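Working notes for the structure below.
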Amino acid sequence: MPQRFTTPAGLFARWRVIPTLICATLLLPRLVQAEDPSPGEAIYRAKCASCHGAAGEGTLKSYPNPLVGERSIGELTDYISKTMPEDKPGTCVGDEAKLVSEYIYGAFYSPTAQARNKPARIELSRLTVRQYRNTVADLVSQLRGPGQVENQPGLTGRYFKSREVRNNNDRVLERVDPVVAFNFEDKSPDEEKIDAHEFSIKWNGAVFAPDTGEYEFIIRTNHSTRLWINDQRRPLVDAYVKSGKDNEHRGSIFLLGGRTYALRLEFSKAKQGVNDKKAKERPPEPASISLEWKRPQRVEEVIPNRYLTTAHPTESLVLKTPFPPDDRSLGWEKATTISKEWDQATTDAAIEVADYVVGHLGDLAGARRGDDDRPAKLKAFCRHWAEIAFRRPLTEDLQKAYVDGPFDKVNDPELAVSRVVLLVLKSPRFLYREIGSPAESKNDPFDVASRLSYGLWDSMPDAPLLQAAAKGELATREQVVAQVQRMSKDLKAQAKLREFLMRWLKIERVPDLSKDAAQYPAFDAAIAHDLRSSVEIALDELLTSDGADFRQLLLSDSVYLNGRLAKFYGIDLPIDAGFQKVSLDSNERAGMMSHPYLLSDFAYSASSSPIHRGIFIARSVLGRTLRPPPEAVTPIPPHLAPDLTTRDRVSQQTKGEACQSCHSMINPLGFTLEHFDAVGRFRKDENGKPVDSTGSYRTRQGDTVQFDGVRDLAKFLAESQETHSAFVDHLFHAMVKQPIRAYGPQTKESLQKSFVSQNFNIRELLVESITASALTTVDANIQTAAKNDAGATAEK
Amino acid sequence: MFRTSRREFLRDLGLSAAALPFVLNLPSLGFANQTARKQRLIVIFSPNGVVPNTFWPDEEGADFKLKESLSPLEPFKNRLLSLYGVCDKVRGDGDSHMRGIGCLLTGCELFPGNIQGGGDTPAGWSSGLSIDQEIKNFLQANEATRTRFGSLEFGVLVPERADTWTRMSYAGPNKPITPIDDPYQMFSKLYGRLKDQESLKSILDELQGDLQKLAANINAEDRRLLEEQTTFVREMELELSSASAKDMGHAVPQLELNVKESAENMPKLSKMQIELMINSFQSDFARVATLQYTNSVGDTRMKWLDIEKGHHDLSHEGDDNQKAQEQLTRINKWYAEQMAYLAKRLEETPEPGGNGSMLDNTVIVWTNELGKGNSHTLDDIPFVLLGNGLDFTMNRSLKFPKVPHNRLLMSLAHGFGHHIERFGNPDYCAGGVLSELTAKA
């Protein structure tokens, strides 16, 4: 049964006045249902209800899904005329089709109707997996303190004239090294101060982990070396003993994205063990060292300067316990369900944290083994732990239950600490958001604090935020905005925003970009890696720029290239050039839609894919809903239709009526990018024929806009309120993780208005969105207990 | 590492994932196999050689007397084998100490590397695996002899550094295994999950109570989430109560709290590690164990023996220094006492699920890096075997004509039914196993 359009909660298009009036007038007949039904309703009952249900809820036998979506009345009319009723298409046309469209639009089909029938609400949520990990890491960091945060890019290198990196008397040189990639050959790093036979170097600082996942660190050297990442007690790579011919040493570690981790690298050119006094009689040996990494799913590279800093963060607790992934069926992490696996994971994680805390009581609780008042100190630590973990002050009852209880039950205070940590982390007051606040208060200050920190950082409130809450300084909009602006400068906020943009660009997962070796022999994993880095750098630049103008994502006429990429894309740069901004022909390219990385991703191994590109534009940029194809169709392989251009082939493939219901929108969008091949290079012809990159789009209002090429399309998109609306929706949901409609009907509108008036500043939109979600009235939530989102689609 | 062995372990039993954390406290898999007896190997290492004339029995054969250094082993003389004339013939990189410990259980050369000894060329790690790991792999490959860990590497006062002097066991070339010399860390490895279970049990009531309190104050829709949570807590309660410590055949060891790692505490630490080893055998966590006292060139000041000088220093005194030789004898006697204590504990403990005592099914091998400290000789490496675990003919003092120790290593493997033709450097395996070990008296 062909499936049509349904809308996930939270996406509703702005409607125009006239349809509104029509809807409003349609409401009246509903209230006097017992009397004569409206003509539209009568038609519906006669021709549609048998398959679609009396109120559009669907029927098990014929069409089980609710009849909901976001097409305009005009589009519905068209569609119904052509294809409905399914068993007798063409029997509901002209005025009839129009009347029944208007009826269903107002009664249950449109987003407004949906909102009216099944109001959205703010649901009780647990911590998402990412929020859980971040919260635990920050719990520990708050107890420890952040360490020294001031920094510059690179690592501090200290050079010693002997093999002993711990001997400060031998330190003769200190400087900031941008990266660690040295070939000293048989010479010394500093001819005056250091003898070439024997020296050692210690690098200190921190490494920034952009993504969450398994990182592999690699040291290439022919001498003694050790590397510490995060845990400064146990080295991640211990190649102090050089054994055999191995000059490459590796260690893997799981890291949370958006944080910096202390890094220490030691290198010693000399024999270790007994001092070899005869070494100076022989010529100096060659020496080299490079510090590299392999990010999750990326390729090996020398750790770039932009990810190294001279800061000294304290050790983070990065949980190793695996969690089942969160539900992403709506495009954002929905944490309103739990499972047995999740419950088991929280138990295992709580045990992991308890072991860690007990193993580090010295620096976390300031209570060392010999202290006289250790039990008292540990109890005080537990009170503090419970309070910050619950994200609100601890009442006497809670203190008795969570702290005093375990201490009373056992003699060993360390065991008691372990149990308190366990109990606190298994408690719903930790696992669930905004639970346990006093019933009367609508905007309990600690709930507000939680909304701010989880919205901006996906983590718990920090000390200044909790203090503001305690003092009642989170009550007015001004106070909240001030906090939000402070907090959005934190690395975690930038990381969350960047991850959101990667999702918006549909490149949050690292794809396999293997291309046809015959056609694109030079396109390898290194190029793919550099292309992704190019996008990352551009996004970082955008988010830190003055205006943070969203339209740049669509309209920018420059791209970041390094030497390797420049060579591949025919730009003149030295082969070893680092990443730099390069201007492109603005007639050919525009923004991220024409970034070679996206173009390569939305393509096959040897041909472009207008369908993938069209889907990206439709879903991400324009916020349209698209269900999976009703019929499985194998794409026509290019070699079976060598005379056709990609455009022709795709049109051929999707010309069926059922396909056209979506492809009439997807294809004309994707075709505008046809000047770009499977690796994102510009082409004038394909298969000997000139590329036709004209396209079009029928707006939700029913107007059709024409484009010729990507710049036309980009200009339209940048100005279209559909784009603005979709972006506001996407960002709100990614940050707040609750349906936007639950915050009242005005919220979406006002956010969109302010987005426009502030010149599409993404940072400002973030501030407005978080602020709107923070000071919400609970009345908006307490609607009926009806379950939401029954008709949600499985969106990618 | 813990996790994978658990999963495999329980996959074999056909148990569900939910029961995973708890079932391991039940009596081991080994009890399922009643036909062949259990066999165990323990290797004890002490450094710096011995004083030959106070160590080796003069006699050869079944009628022999134990000298001063070995006198603590008198109660077990009828289960004892002393092997004189077994030599470490392995050469290559590294000085005698490094090769003494690095080739002792591996029988093969060290890699060239950057660790410089007192002389000779600098070396890296061993180029092959050690016999304890070879036997462990053999036992783990067979379901009937598979255990939770296979082997456990214990230590006493092993220095924090990882280098050729501090590693005796190797899982393979360049793969040294770090001995655990912290009894609390070892306890955690063996019994950590049990402690966690007890803690989880203790918090359940409070959790349920708070869940109910919270559920009462939220709307019906959201309440279902907390109700689901409550169900999970109830399920956890059931799972925890079905597996409890009572199911284990013996009590969980109680460790004395707050014993610091220091030379003064060496006797206490030694006892704690031996207790944990006994316990881990009772639970059948492993069939192979090593116990490494300090390290090669270990320089402990053993003050409780009234000795002020470090062991290594002392070991370089000349043969004519009577006082030093007497002190060195006292040191080795103390190590023999540790072996005797271990043997006593094994003898006192009935073999779980079998007949006789654990000592009936275990062989302890006490060995050393050097034959003699001041000469650095690698000839006549001390090897004293105790226990009836390997069907060797015990109660004898054997003297060999300077045979390579590879042949002894192979004999140990053969004792487990692992009939390897060579071990370590094949040049030193000629003649195969030492058949005298199993010759009838």
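The values are calculated or read from the model by the stated rules, or taken from the named source; none is laboratory data. Treat the numbers as computed from the prediction; the structure is a model and nothing was measured. Please note: Cβ atoms are built from the backbone with ideal geometry, for glycine as well, and neighbour counts cover all protein chains shown. All accessible areas refer to the heavy atoms of the entire protein, side chains included, with ligands and DNA or RNA removed. Shrake-Rupley method; radii C 1.70, N 1.55, O 1.52, S 1.80 Å.
Worth a mention:
- Selection over region A:142-169 of residues that are part of a helix (DSSP H, G or I) and touching a residue at least 12 places away in the same chain (Cβ under 8 Å) gives a count of 3.
- Qualifying position, being of a type outside the set (G, A, S) and open to solvent by 50 Å² or more (accessible area, probe 1.4 Å), among A:L491, A:L497, A:L539: A:L491
- Top-ranked residue of region A:430-463 - restricted to ones that are part of a helix (DSSP H, G or I), under 26 Å from A:R259 (Cα atoms) and not hydrophobic (A, V, I, L, M, F, W, C), ranked as nearest to the other protein chains (Cβ to nearest Cβ): A:D447
- Where strands (runs of 3 or more DSSP E) sit wholly within region B:62-142, those with at least 2 residues that are touching a Phe, Trp or Tyr at 6+ places or on another chain (Cβ under 6 Å), farther than 20 Å from B:S435 by Cα and not basic (K, R) occupy B:123-126.
- Just one residue in the set B:L291, B:L370, B:L359 is assigned to a helix (DSSP H, G or I) and at pLDDT 95 or above; that residue is B:L359.
- Residue match in region B:203-214 (condition: open to solvent by 30 Å² or more (accessible area, probe 1.4 Å) and part of a loop (DSSP other than H, G, I, E, B)): no
- Hey, B:L409 on the phi < 0 side of the Ramachandran plot, aliphatic (A, V, I, L, M) and touching a helix residue (DSSP H, G or I) at 6+ places or on another chain (Cβ under 7 Å) or not: yes
- One residue stands out among those in region A:59-71 that are at pLDDT below 85 and of a type in the set (S, T, N, Q): the one that is nearest to A:P628 (Cα to Cα), which is A:N65.
- Selection of region A:521-564 for residues being outside any helix (DSSP H, G or I), touching a strand residue (DSSP E or B) at 6+ places or on another chain (Cβ under 7 Å) and of a type outside the set (S, T, Y) yields A:G547, A:A548, A:D549, A:D557, A:V559, A:L561.
- Some residue of region A:108-118 being in contact (Cβ under 8 Å) with a residue 40 or more places away in the chain and within 14 Å of chain B (Cβ to nearest Cβ): yes
- Sub-7 Å Cβ pairs linking a first residue in region B:56-83 that is on the phi > 0 side of the Ramachandran plot to a second residue that is aliphatic (A, V, I, L, M) and open to solvent by 40 Å² or more (accessible area, probe 1.4 Å), at least 6 apart or interchain, number zero.
- Scanning region B:215-240 for residues that are more than 8 Å from chain A (Cβ to nearest Cβ) and either outside any helix (DSSP H, G or I) or closer than 21 Å to A:S437 by Cβ (or both) yields B:A215, B:A216, B:R223, B:R224, B:E227, B:T230.
- All positions within region B:167-184 that are outside any loop (DSSP other than H, G, I, E, B), more than 12 Å from B:L291 (Cα to Cα) and open to solvent by 10 Å² or more (accessible area, probe 1.4 Å): B:A171, B:K175, B:P176, B:Y184
- Listed by position, the helices (runs of 4 or more DSSP H) inside region A:40-127 whose residues that are closer than 27 Å to A:P739 by Cα number at least 3 are A:73-83, A:94-104, A:111-117.
To keep it simple, each residue is scored yes or no on (1) within 25 Å of the chain's Cα centre (by Cα); (2) on the phi > 0 side of the Ramachandran plot.
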site: B:S375; (1), (2): no, no
site: B:I381; (1), (2): yes, no
site: B:L390; (1), (2): yes, no
site: B:K399; (1), (2): no, no
site: B:V403; (1), (2): no, no
site: B:Y428; (1), (2): no, no
site: B:G432; (1), (2): no, yes
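- Out of B:E347, B:E317, B:E337, sole residue that is open to solvent by 10 Å² or more (accessible area, probe 1.4 Å), in contact (Cβ under 8 Å) with a residue 24 or more places away in the chain, within 22 Å of B:L70 (Cβ to Cβ) and not in a helix (DSSP H, G or I): B:E317
- Taking region B:287-299 as the range and being surrounded by fewer than 22 Cβ atoms within 10 Å (Cβ to Cβ) and farther than 19 Å from B:K372 by Cβ as the test, no residue passes.
- Conditions (1) open to solvent by less than 40 Å² (accessible area, probe 1.4 Å); (2) within 23 Å of A:K294 (Cβ to Cβ); (3) basic (K, R): number failed by A:R589: (2)
- Cβ pairs under 7 Å, 6+ apart, first in region B:153-166 and facing chain A (nearest Cβ under 10 Å) and surrounded by fewer than 24 Cβ atoms within 10 Å (Cβ to Cβ), second in a strand (DSSP E or B) and of a type in the set (D, E, K, R): B:A162/A:D238
- Listing of helices (runs of 4 or more DSSP H) fully contained in region A:634-720 that carry 2 or more residues being open to solvent by 30 Å² or more (accessible area, probe 1.4 Å), more than 22 Å from A:D601 (Cβ to Cβ) and modelled with pLDDT of 95 or more: A:710-719
- Region B:273-302, residues that are under 13 Å from the mean Cα position of the chain (by Cα) and among the hydrophobic types (A, V, I, L, M, F, W, C): B:I274, B:L276, B:M277, B:I278, B:F281, B:F285, B:A286, B:V288, B:A289, B:L291
- B:L385 surrounded by 22 or more Cβ atoms within 10 Å (Cβ to Cβ) and either in contact with an Asp or Glu (Cβ under 9 Å, 6 or more places away or on another chain) or among the acidic types (D, E) (or both): no
- Candidates A:R250, A:R175, A:R166, A:R220, filtered to the one that is open to solvent by 60 Å² or more (accessible area, probe 1.4 Å) and at pLDDT below 95: A:R166
- Checking each residue of region A:723-744 against the condition of being small (G, A, S), out of contact with any Lys or Arg (no Cβ under 9 Å at 6 or more places or on another chain) and either outside any helix (DSSP H, G or I) or modelled with pLDDT under 95 (or both) gives at least one match.
- Test: A:W342 is under 26 Å from the mean Cα position of the chain (by Cα), part of a helix (DSSP H, G or I) and aromatic (F, W, Y): yes
Each row is one residue, and each column tells you yes or no for (1) open to solvent by 40 Å² or more (accessible area, probe 1.4 Å); (2) closer than 22 Å to A:E214 by Cα; (3) modelled with pLDDT of 95 or more; (4) not assigned by TED's automatic domain parsing to the domain that holds A:G623.
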site	(1), (2), (3), (4)
A:E301	no, yes, yes, yes
A:P304	no, yes, yes, yes
A:L308	no, yes, yes, yes
A:S329	yes, no, no, yes
A:A335	no, no, no, yes
A:A349	no, yes, yes, yes
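- Top-ranked residue in region A:223-235 [being away from chain B (no Cβ under 13 Å) and farther than 25 Å from B:L110 by Cβ; ranked as most open to solvent (accessible area, probe 1.4 Å)]: A:Q232
- For the residues A:G90, A:G56, A:G106, the requirement of being among the small types (G, A, S), more than 30 Å from A:V728 (Cα to Cα) and modelled with pLDDT of 85 or more singles out A:G90.
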